[in-house]
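The values are calculated or read from the model by the stated rules, or taken from the named source; none is laboratory data. Bear in mind the structure is a predicted one, so any value in this text is a computation, not a measurement. Every residue, glycine as well, gets a Cβ built from its backbone with ideal geometry; the counts of neighbours run over all protein chains shown. Please note that ligands, DNA and RNA were not included when accessible areas were found on the heavy atoms of the full protein model with its side chains. Shrake-Rupley method; radii C 1.70, N 1.55, O 1.52, S 1.80 Å.
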Amino acid sequence: MKEKQVVTPFRSVDHQHSTCLNSVLVTAEHYCQQRGLKLTPLRRRVLELVWKTHEPVKAYDILQTLQAEKKGAAPPTVYRALDFLQQQGFVHKLESMNAYVGCGAPGQHHTSQFLICHICGVVAELDDYDIGELIGSKADSLGFKVSQLTIEIKGVCGSCQAA
Ligand SMILES: [Zn+2]
Ligand SMILES: [Zn+2]
Ligand SMILES: [Zn+2]
């Protein structure tokens, strides 16, 4: 059986985000290179903006930042870049928040269970095989075939509970 795994943990107090962000970008470049995909400067910048923090980011905010940096960053190109990043698994969309969050395991097939802190907004991502199996079999008993299995769980993270 597959191990339960934490895809993206909650930030630790001593989390080095610049190192974290750097490795995300290096991984993305490597991934695209191997598959003959183009990580254009815009796609790279959008990925960087989604990963600016571990909190979900709205497409609108990304657009605002890009427009401030470079006049004429048109909404469709930004949305297309987000689509690309989502398709390649570099970012996930949190439907309940209509916002994007970076994935800690891009290119690796996984289901996602997101733990979302409603106080500070930080997100952790889990890939628990058992949860997927359980839901799959319950759905199956109703003759329902699951095509997307993303779960968004709201709550309070450890550091907010401590504060
Ligand atoms: Zn980080
Ligand atoms: Zn993921
Ligand atoms: Zn929190």
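Taking the criterion of being within 16 Å of ligand 2 (Cβ to nearest atom) and open to solvent by 40 Å² or more (accessible area, probe 1.4 Å), the residues of the stretch 12-31 that qualify are 23, 27. Of the strands (runs of 3 or more DSSP E) lying entirely inside the stretch 32-118, the ones with 3 or more residues being in contact (Cβ under 8 Å) with a residue 12 or more places away in the chain and open to solvent by less than 20 Å² (accessible area, probe 1.4 Å) are found at 99-102, 112-117. Out of the residues in the stretch 129-163 meeting the condition of being within 16 Å of ligand 3 (Cβ to nearest atom) and of a type in the set (Val, Ile, Thr), tell me which one is farthest from the chain's Cα centre (by Cα). For the stretch 129-163, the residue satisfying everything is 156. If a residue must be within 19 Å of residue 157 (Cβ to Cβ) and within 15 Å of ligand 2 (Cβ to nearest atom), how many such residues does the stretch 108-146 contain? Residues flagged as within 19 Å of residue 157 (Cβ to Cβ) and within 15 Å of ligand 2 (Cβ to nearest atom) within the stretch 108-146 amount to 11.
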